[in-house]
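S.K.: Sharing a structure here in structure tokens format.
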Amino acid sequence: MASISASELAREILDACLKDGTWPARALDDLIERALDEEDPFVATAATRALFGIVVERLADLFEPALCDVYARLFSHVIARALPEYDFDELLLRYRRIRQVRPFQGGEVRRVFVLSRVTLGADVAVTSVALAAAKERFPDAEICLVGPAKNAEMFAADPRITPLGVMYGRSSLLRDRLLAAAELQVAVEELGSVVIDPDSRLTQLGLIPICDDARYFFFESRAFGGELETALPVLTAEWLKEVFDIENVQPYVAPQPQAKIADITVSLGVGENANKRIDDEFEYEVVSALLRQNRPILLDRGAGGEEGARVDALVERLGAPAQLLVHDGSYASFASHILQSRLYVGYDSAGQHVAAAAGVPLVSVFKGYACERMFARWRPAAPNARVVAVNNGDWSTALTQTLQAIEAAVAEQ
């Protein structure tokens, strides 16, 4: 199979998983071996990206409950091959136990560990709901958000939230990604504590055990809600009600406040997922239309690199107008500006969830989703959210709809 690329192997595996819930064993083992190659980092990187980007993410993005078991079987095999201290059968048996929804039985809790979902948008839409519930259910406990520092910054102004740093490199190799759970095991090893896992990549979606099952509560967001077309913040709140008897918790963010400098905030970032983006011309027309509102606009430069270069080129093409400001800083800083703005516009990304959580009117251009249920799960759940669904090549229609949504949002202010 040496002549077959990692991407081709991954697509073969994914196609089989979707067709009959199994996969070609040789293809999967070959992909794992490449991902674990310690002598050739290029081979290992390509295989790791193919495994996660093509197989794992697709199985998750479809939000099919039956595919959760497929993923559990497949990735338990991956874990056992990469880290021999884990046994495939034991991982699978434990997963089938902990995925069952069970109520918290009470008792003294001194600390609650809420695991980050690693991506910023998911930590707003899902993890923040768990944080809100933990604060209410355990008023005397310390609430720890466990994950990357940049995610904790989104809640830095909340005195009830203590950041607990655990790194997870989304661009790291397979073994390094799995070993994040070992660091996590040490971090949460404390009597009188509970762990809330909202389908975190830190545990590989609940598969790697990090503490005893009695104090571990796992929200399998890919399966909970079944075939309902319900948004993830709502489903998360429903799960929390069943487990912790807490009602009506909502997403929130609490970044350190920044001085207000703009009425409109814009993000054209797509989190390295090019399928979410339309093109340069679309972005030029959208920002041009916003400039005609004669209000100060803050455009996020993102994480730099290719995304920052695109923003720089767009600003130059627009003639660098005085009312167009560029944000070049942490995402938490930009989130603070979103909270103070009167309108947010962007692709399907973290910004839409920040705006929705804060009740800021927003226009989200939602492109490249795997299926209608994924769209329903991730669309911003707010009454003043206008979502332009784009899942074909008709960009002129997408532009027309986006400009109309902006006009409607502005007219209501």
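S.K.: When the residues of the stretch 150-172 are filtered to those that are aliphatic (A, V, I, L, M) and part of a loop (DSSP other than H, G, I, E, B), which remaining residue is surrounded by the most Cβ atoms within 10 Å (Cβ to Cβ)? If you could, list the steps in order and put the result at the bottom.
M.R.: Initial filter on the stretch 150-172 (aliphatic (A, V, I, L, M)): 152, 154, 156-157, 161, 164, 166-167.
Among the residues that remain, those that are also part of a loop (DSSP other than H, G, I, E, B) are: 156-157, 166-167.
Details: ALA156: 18, ALA157: 14, VAL166: 22, MET167: 13.
My answer is VAL166.
S.K.: Look at the stretch 185-230 and say how many of its residues are touching a residue at least 40 places away in the same chain (Cβ under 8 Å), among the small types (Gly, Ala, Ser) and within 22 Å of LYS135 (Cα to Cα).
M.R.: Within the stretch 185-230, residues that are touching a residue at least 40 places away in the same chain (Cβ under 8 Å), among the small types (Gly, Ala, Ser) and within 22 Å of LYS135 (Cα to Cα) number 5.
Yes/no per residue for (1) among the hydrophobic types (A, V, I, L, M, F, W, C); (2) crowded, with 17+ Cβ neighbours inside 10 Å:
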site	(1), (2)
ASP199	no, yes
GLU229	no, no
VAL243	yes, yes
ASP279	no, no
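S.K.: Ok, one more. Can you tell me which condition GLU64 does not meet? The list is (1) crowded, with 17+ Cβ neighbours inside 10 Å; (2) within 23 Å of ARG177 (Cα to Cα); (3) among the acidic types (Asp, Glu), and all the others hold.
M.R.: Here GLU64 meets the rest and fails (2).
S.K.: Does ARG94 meet the test of being touching a Pro at 6+ places or on another chain (Cβ under 9 Å) and either within 29 Å of GLY368 (Cβ to Cβ) or not assigned by TED's automatic domain parsing to the domain that holds ALA223 (or both)?
M.R.: Working: touching a Pro at 6+ places or on another chain (Cβ under 9 Å): yes; either within 29 Å of GLY368 (Cβ to Cβ) or not assigned by TED's automatic domain parsing to the domain that holds ALA223 (or both): yes.
So ARG94 fits the description; yes.
S.K.: Criterion first (in contact (Cβ under 8 Å) with a residue 12 or more places away in the chain, small (Gly, Ala, Ser) and not assigned by TED's automatic domain parsing to the domain that holds SER221) does ALA358 satisfy it?
M.R.: yes
S.K.: Being at pLDDT 95 or above and surrounded by fewer than 20 Cβ atoms within 10 Å (Cβ to Cβ) is the requirement here; does PRO41 meet it? Explain how you work it out, then say what you get.
M.R.: On the way: at pLDDT 95 or above: no; surrounded by fewer than 20 Cβ atoms within 10 Å (Cβ to Cβ): yes.
When the stated conditions are applied, PRO41 does not pass them.
S.K.: Which ones in the stretch 346-404 are of a type in the set (S, T, N, Q) and farther than 15 Å from VAL286 by Cα?
M.R.: Taking the stretch 346-404 as the starting set, the residues that turn out to be of a type in the set (S, T, N, Q) are 349, 352, 364, 384, 391-392, 396-397, 400-402, 404.
Selection gives SER349, GLN352, ASN384, ASN391, ASN392.
S.K.: Go through the stretch 306-413 and tell me which helices (runs of 4 or more DSSP H), entirely inside it, have 2 or more residues that are in contact with a strand residue (DSSP E or B) (Cβ under 6 Å, 6 or more places away or on another chain) and among the hydrophobic types (A, V, I, L, M, F, W, C).
M.R.: Numbers: elements: 331-340, 350-358, 372-378, 395-411.
Helices (runs of 4 or more DSSP H) meeting the threshold: 331-340, 350-358, 395-411.
S.K.: Moving on. Hey, any hits in the stretch 315-323 for a residue that's touching a residue at least 24 places away in the same chain (Cβ under 8 Å), under 25 Å from ALA237 (Cα atoms) and polar (S, T, N, Q)?
M.R.: Start the filter on the stretch 315-323 by keeping residues that are touching a residue at least 24 places away in the same chain (Cβ under 8 Å), which leaves 317-318, 321, 323.
Keeping just the survivors that are under 25 Å from ALA237 (Cα atoms) gives none.
No, because not a single residue in the stretch 315-323 is touching a residue at least 24 places away in the same chain (Cβ under 8 Å), under 25 Å from ALA237 (Cα atoms) and polar (S, T, N, Q).
S.K.: Got at least one residue in the stretch 368-383 being of a type in the set (D, E, K, R) and under 29 Å from ALA152 (Cβ atoms)? So that I can check it myself, show each step before the final result.
M.R.: Here is the first cut: in the stretch 368-383, the residues of a type in the set (D, E, K, R) are 372-373, 377, 379.
Checking the rest, the ones that are also under 29 Å from ALA152 (Cβ atoms) come to 377, 379.
Yes, some residue in the stretch 368-383 is of a type in the set (D, E, K, R) and under 29 Å from ALA152 (Cβ atoms).
S.K.: Separate question: Would you pick out the residues in the stretch 12-64 that are of a type in the set (D, E, K, R) and closer than 30 Å to GLU229 by Cα? Steps first, please.
M.R.: So the first thing to find is which residues in the stretch 12-64 are of a type in the set (D, E, K, R), and the list is 12, 15, 19-20, 26, 29-30, 33-34, 37-40, 49, 57-58, 61, 64.
Result: GLU12, ASP15, LYS19, ASP20, ARG49, GLU57, ARG58, ASP61, GLU64.
S.K.: Under 6 Å by Cβ, and 6 or more places apart or on different chains, what pairs join a residue from the stretch 70-88 that is under 15 Å from GLY206 (Cα atoms) with one that is of a type in the set (Gly, Ala, Ser)?
M.R.: As it stands, the answer is VAL70/GLY21; TYR86/ALA80; PHE88/SER76; PHE88/ALA80, since those pairs meet every condition given.
S.K.: What is the one condition in (1) surrounded by 24 or more Cβ atoms within 10 Å (Cβ to Cβ); (2) closer than 14 Å to THR265 by Cα that ARG377 does not satisfy?
M.R.: The number of the failed condition is (2).
S.K.: Can you find, within the stretch 108-139, the residue that is farthest from ALA355 (Cα to Cα) among those that are assigned to a loop (DSSP other than H, G, I, E, B) and touching a residue at least 24 places away in the same chain (Cβ under 8 Å)? Talk me through it step by step, then tell me what you get.
M.R.: Taking the stretch 108-139 as the starting set, the residues that turn out to be assigned to a loop (DSSP other than H, G, I, E, B) are 108-110, 116-119, 138-139.
Filter once more, keeping what is touching a residue at least 24 places away in the same chain (Cβ under 8 Å): 108-110, 116-119, 138.
Working: GLU108: 36, VAL109: 33, ARG110: 32, SER116: 20, ARG117: 19, VAL118: 19, THR119: 16, PHE138: 27 Å.
In this case the residue turns out to be GLU108.
S.K.: Let me ask something else about it. Taking the stretch 70-97, which residues are closer than 18 Å to CYS211 by Cα and of a type in the set (Val, Ile, Thr)?
M.R.: Selection gives ILE79 alone.
S.K.: Another question about this same structure. I'd like the residue in the stretch 96-149 that is at positive phi and over 15 Å from the mean Cα position of the chain (by Cα) and, out of all such residues, is surrounded by the fewest Cβ atoms within 10 Å (Cβ to Cβ). Working first, answer last.
M.R.: Here is the first cut: in the stretch 96-149, the ones at positive phi are 106-107, 118, 147.
Subsequent filtering for residues that are over 15 Å from the mean Cα position of the chain (by Cα) retains 106-107.
Values: GLY106: 7, GLY107: 9.
Looking at the filtered set, the residue picked out is GLY106.
The values are calculated or read from the model by the stated rules, or taken from the named source; none is laboratory data. Note that this is a predicted model, so its numbers are computed, not measured. All Cβ positions, glycine included, derive from the backbone under ideal geometry; neighbour counts span all protein chains shown.
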